[in-house]
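First comes the structure, then the notes that go with it.
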Amino acid sequence: MDKKLKNLIFVLNCGSSSIKFAILNPNNEKKYLSGVVECLFLSETYITWQFLGIKYKKKIGSNINHQEAVNFIIDQVLPQEKDIFKNLIGIGHRVVHGGTKIKKTTLIDNNIIQYIEDAVSFAPLHNPANLIGIKIMIEKYPSLAKKNVAVFDTSFYQDMPETSFLYAIPYNFYKEHGIRRYGAHGTSHNYVAHKTSIILNKKFSSLNIITCHLGNGASVSAICNGICVDTSMGLTPLEGLVMGTRSGDLDPSIIFFMNKQLNLNIDEIEMILNKKSGLLGLSGISSDFRYFEKNYNHKKHAKRSVDIFCHRLSKYISAYMSLMENRLDALIFTGGIGENVPLIRELTLSRLSLLGFNIDHELNLYTIRGKSGLISKSTSRSVFVIATDEELAIAQETSNIISRK
Ligand code: AMP
C-alpha cells in the first residue's frame, strides 16, 4: 500500500438512476477507487468499480433502490480498502438543489439536512436520493459524521442576472415562494469551464464559453467573463434539453390538457414528464444513448429522437451566443453523451454552420471514452470535448471546506 496515502476524500454522487462513488486525493488527483451503480429500479442493477487498477463487475439484484445500493457499496466494496478508509478525512456528497437557503458548499449538520429536505420539491428525483446517501454515511461512519460536506449543483448559478433567472409570472411567486431558475449540473459546468481556461491559457474571469453537459440529465450553460449568465435547467432539472427520461421544455398548457382532457392527475403528469418522456418517451424503447447511436441509421424512432435532441440543443447554443458580448472562446461538450457520442456533436454542429461552427470529422470520431480535445477545424469557432470529473470537483471542494475548519 502507498505509504503516502493521506487526506483522502470519499465521494458519493447519488443520481436519479445511478450512484457514482470514488476515493481520491484531491491534491494530486489520484483516484484509488472509482465505481458506479447503474440501472437502479430496473430488472438488473449492477455495479462496476475499479480499485488499484483492477476492474470488478457484479450484479446487485433486481429493482434495487438507492438505500440498498449504498449499503452494497459499504458492505461489499469498501471493506476491501480498509487501509485507504483509515486515511479518509471527509466525505463529499453531490446535492442537486440547495433551494432558497443554501448558496454554496457547506459542512452538513441537522440544519443543512432540513434545508435539503425543504428543497425536495425543487428536485424531486434527486434531493431524496442525495439525502439517503448523506444519512447512511453519517450513521455508518460516526467518526467522520461531522466531516460530511454537501456540494450543490445550484451553487454555480448564484450570480446569474435576474433577466435569466426570473420567469414571467407574477413577481410575488419569486419573492414569496422562491420560484426562479436555479440550474443544475453546476459542479460539472464549473469543472469543465476551469479546465477550458487552463487549455486556452485564459484567465477564468475573462472566459466566454458555452458548456453542454449531455448525460442522462442534460443542460447547457452560458458563461461570460467567468460568470454563468444563463442555463437551461430551471426551477427543477426538468426544464431545457431533451433528456433520457425528462421532457425538457414544453408548453405549460400541455399539463392543463393532460389534466383536463385526459384526466391524468398531477402526480401522474409529474411522473410522465420526469420518467417516461425524453428519449424514452419519443422512442418508446430506451433512454440509453448507446441504443440510439446503434440504431440511428436503421430505426425511424431512433433517428427521430436523436434529431429532436440535437434540434433543441442547437437552439440553445444559438440563443446563448447572444449572451457572449461579441466573443466566444469555445463551445464545450461533456457528460456521458457529450464525451462519447460523435454523432451528437456532428448533428448539432451541422445545424450551426451559419454561426461559424465547422467540425473536423476525424478529430470528432477519435475523441471518445474520457478523451479531451479540439474537434473543430482551424477555420471554425473552437469546439472542445472535455471529460468532466464531478467526483474530483466534489472532493476538492470537500477538502477545501474541511481544511478551513
Ligand atoms: P451520464 O449521465 O453523464 O453518466 O451519461 C449517461 C448517458 O451517456 C447514457 O445515455 C449513456 O448511454 C451515455 N453513454 C455513456 N457512455 C457511452 C458510450 N461509450 N457510448 C455511447 N453512449 C454512452
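The values are calculated or read from the model by the stated rules, or taken from the named source; none is laboratory data. Since the model is a prediction, treat every value here as computed from it, not as a measurement. Note: ideal-geometry Cβ built from the backbone for every residue, glycine included; neighbour counts use all protein chains shown. Accessible surface areas use protein heavy atoms only, side chains included; no ligands, DNA or RNA. Shrake-Rupley method; radii C 1.70, N 1.55, O 1.52, S 1.80 Å.
Residue 273 - would you say it is within 16 Å of the ligand (Cβ to nearest atom), of a type in the set (A, V, I, L, M) and part of a helix (DSSP H, G or I)? No, not satisfied. For residue 253, the conditions (1) among the polar types (S, T, N, Q); (2) open to solvent by 40 Å² or more (accessible area, probe 1.4 Å); (3) within 16 Å of the ligand (Cβ to nearest atom) all hold with the exception of (3). From the set of residues in the range 321-344 that are within 15 Å of residue 382 (Cβ to Cβ) and away from the ligand (no atom under 12 Å from the Cβ), which is most open to solvent (accessible area, probe 1.4 Å)? The residue in question is 327. The single condition among (1) at pLDDT below 95; (2) away from the ligand (no atom under 16 Å from the Cβ); (3) in contact with a helix residue (DSSP H, G or I) (Cβ under 6 Å, 6 or more places away or on another chain); (4) not hydroxyl-bearing (Ser, Thr, Tyr) that residue 178 does not satisfy is (3).
Residue 243 falls short on exactly one of the conditions (1) among the aliphatic types (A, V, I, L, M); (2) within 13 Å of the ligand (Cβ to nearest atom); (3) open to solvent by 30 Å² or more (accessible area, probe 1.4 Å), and that condition is (3). For the range 215-223, check the following and say yes or no: at least one residue is open to solvent by 10 Å² or more (accessible area, probe 1.4 Å), away from the ligand (no atom under 15 Å from the Cβ) and out of contact with any strand residue (DSSP E or B) (no Cβ under 9 Å at 6 or more places or on another chain). Scanning the range 215-223 turns up no residue that is open to solvent by 10 Å² or more (accessible area, probe 1.4 Å), away from the ligand (no atom under 15 Å from the Cβ) and out of contact with any strand residue (DSSP E or B) (no Cβ under 9 Å at 6 or more places or on another chain).
Filtering 285, 272, 266 for residues that are among the β-branched types (Val, Ile, Thr), more than 26 Å from residue 154 (Cβ to Cβ) and open to solvent by 20 Å² or more (accessible area, probe 1.4 Å) leaves a single hit, 285. Scanning the range 303-320 for residues that are of a type in the set (D, E, K, R), open to solvent by less than 50 Å² (accessible area, probe 1.4 Å) and closer than 23 Å to residue 229 by Cβ returns a single hit, 312.
Checking every residue in the range 33-42 against the condition of being away from the ligand (no atom under 15 Å from the Cβ), at pLDDT 90 or above and either over 20 Å from residue 95 (Cβ atoms) or aliphatic (A, V, I, L, M) (or both) gives at least one match. Among the residues making up the range 39-80, a single one is on the phi > 0 side of the Ramachandran plot, exposed (fewer than 13 other Cβ atoms within 10 Å of the Cβ) and hydrophobic (A, V, I, L, M, F, W, C): 52. When 173, 152, 204 are checked against the criterion of being free of Cβ contacts under 8 Å to residues at least 40 places away in the same chain and within 23 Å of residue 121 (Cβ to Cβ), a single residue qualifies: 173. Residues in the range 349-405 that are free of Cβ contacts under 8 Å to residues at least 60 places away in the same chain, closer than 22 Å to residue 242 by Cβ and within 24 Å of the chain's Cα centre (by Cα): 349, 364, 368, 375, 383, 385.
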